[in-house]
1. Inspect all residues belonging to segment 99-116 and state whether any of them is modelled with pLDDT of 90 or more and of a type in the set (A, V, I, L, M).
2. Every residue in segment 299-314 that is in contact with a Ser or Thr (Cβ under 7 Å, 6 or more places away or on another chain) and either assigned by TED's automatic domain parsing to the domain that holds residue 12 or not in a loop (DSSP other than H, G, I, E, B) (or both), please.
3. Out of 111, 156, which single residue is within 20 Å of residue 3 (Cβ to Cβ), in contact (Cβ under 8 Å) with a residue 12 or more places away in the chain and among the polar types (S, T, N, Q)?
4. Name the pairs: first residue in segment 228-254 and of a type in the set (Asp, Glu) and surrounded by 12 or more Cβ atoms within 10 Å (Cβ to Cβ), second residue part of a helix (DSSP H, G or I) and at pLDDT below 85, Cβ to Cβ under 9 Å, at least 6 apart or on different chains?
5. For segment 276-284, does any single residue satisfy the condition of being surrounded by fewer than 16 Cβ atoms within 10 Å (Cβ to Cβ), touching a residue at least 40 places away in the same chain (Cβ under 8 Å) and either among the polar types (S, T, N, Q) or not in a strand (DSSP E or B) (or both)?
6. How about segment 117-136: which of its residues are modelled with pLDDT of 90 or more and surrounded by fewer than 16 Cβ atoms within 10 Å (Cβ to Cβ)?
7. Residues in segment 351-362: is at least one outside any loop (DSSP other than H, G, I, E, B) and within 30 Å of residue 247 (Cα to Cα)?
8. Pull out all pairs, ordered by first then second residue, where Cβ-Cβ is under 7 Å, the residues are six or more apart or on different chains, the first lies in segment 364-378 and is closer than 15 Å to residue 303 by Cα and among the basic types (Lys, Arg), and the second is crowded, with 20+ Cβ neighbours inside 10 Å and modelled with pLDDT of 95 or more.
Amino acid sequence: MHNEYIVFVDHRFSKIVERELASLPNCTIEAYKVRNNRKLNTLFFKVAANSIELEKVSVASAFIDFIVRVDLTLQINALDYQKIEEAIAKIINGSKAKTFKIEVKKIDFSSNETAKSMEVRLGRELEKRGYIADLNNPELIIYCLLLRNTIILGRSASGSNRIVLDPFRQANKEKEDFVNRAEYKLKEAVEAFSIDLSMHKMALDIGAAPGGWSHYLLQHGVKVVALDNALLDYKKFIGKKVLVITNEKEKLGLDKIANASIKEFGEEIEIGAYDLTHIKTNVLDEQIARLLNKLGKFDMLTIDTNTAPLESASIANRLAGFLTNNAVLVMTIKLISKEFSKHISEAVALLSKNYVSIKIKKLPHNRQEVTLFATKKA
């Protein structure tokens, strides 16, 4: 049975996704045309396809952001709240859900109202009709996508992997105490690849500065050895036991950092006494291997360095010997040219010497990159 879907795609990877969708039997694909199409980060495809086949492509694709099944489509030239409310009520009634939440995304739609104000107004009016809104844990999420003179309504099934129409607005709303934007990338990777951080005790974080990924791991109970020649934002680690290993103590004034202990290379280190150990040097430093050998095996490796894909993969291979069997690797692959597929395939081929179960996904906070997940070969 064929159903209609809206497929969300980063504009840079739209051609790749079109080819993936075209492989589906009897699938029809139509790109939505909007006035400011060239300025959009996300493009939208209207797809009619078999739900099972489309799900397979979605899971396998590195570049499909998410897919919404279309329940109703309304053709209107201006906001008609009563018409939208009635359509949403029909969807809620059909689902038999007790609680709901509405998410709105506005694309090239003539209205001065913000997506947030629309969500609030629609939610209040539906509550007046007797429906119960729950913004934190709803049984049903209604997606309202406004594209020119079309309003597309879809929904999440209870217990399904629920998408967020605007991940950046959601991130701002959460107001988490993050070090920098990069921290969201690791959060999204943990969620996308279903990584259970409670199963990990010690992570090696390469390219750590200013400390976003280290901060996220520490907040979830994972001790971290961070490797970067740049300084971390140590103030973000108040309440954690921090050690900095460097030969530039006096030059950098690191001895004045109130919440960190300072040691030089060669000194005895009791690694278990610290939540975060920052080794202030680069990964090619000949002292690194000797030091890491003293620290024991890591069950997680994270790499977010501003290096070419093959160089990042080489770093992961170089460090594989310091990992436990089945340790998790999370790494960004920088897409340094438009040859996206080539960059990814070359990095994967190199990593496959030491890693298995390799998966690639373009995450919302990825820019000129994708994120890779793998486990170390036993």
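The values are calculated or read from the model by the stated rules, or taken from the named source; none is laboratory data. Computed from a predicted structure; not experimentally measured. Counting neighbours? That spans all protein chains shown, and the Cβs are built from the backbone with ideal geometry, glycine included.
1. Checked against the condition, which is being modelled with pLDDT of 90 or more and of a type in the set (A, V, I, L, M), segment 99-116 yields at least one hit.
2. Initially, segment 299-314 is screened for residues in contact with a Ser or Thr (Cβ under 7 Å, 6 or more places away or on another chain), giving 299, 303-305, 312.
Within segment 299-314, 299, 303, 312 qualify.
3. On the way: 111 fails: within 20 Å of residue 3 (Cβ to Cβ).
Checking each option against the conditions leaves just 156.
4. 248/254
5. Of segment 276-284, the ones surrounded by fewer than 16 Cβ atoms within 10 Å (Cβ to Cβ) are 282, 284.
When the remaining residues are screened for being touching a residue at least 40 places away in the same chain (Cβ under 8 Å), the result is 282.
With either among the polar types (S, T, N, Q) or not in a strand (DSSP E or B) (or both) added as a condition, the list becomes 282.
Yes, there is a match, as at least one residue in segment 276-284 is surrounded by fewer than 16 Cβ atoms within 10 Å (Cβ to Cβ), touching a residue at least 40 places away in the same chain (Cβ under 8 Å) and either among the polar types (S, T, N, Q) or not in a strand (DSSP E or B) (or both).
6. Once the filter is applied, which keeps residues that are modelled with pLDDT of 90 or more and surrounded by fewer than 16 Cβ atoms within 10 Å (Cβ to Cβ), segment 117-136 yields 117, 120, 124, 127, 128, 129, 130, 132, 134.
7. Just the residues of segment 351-362 that are outside any loop (DSSP other than H, G, I, E, B), to begin with: 351, 355-361.
Applying the additional criterion that residues be within 30 Å of residue 247 (Cα to Cα) yields none.
Among the residues of segment 351-362, not one is outside any loop (DSSP other than H, G, I, E, B) and within 30 Å of residue 247 (Cα to Cα), which makes the answer no.
8. If the second residue must be crowded, with 20+ Cβ neighbours inside 10 Å and modelled with pLDDT of 95 or more, the pairs left are 376/323; 376/327; 376/329; 376/355.
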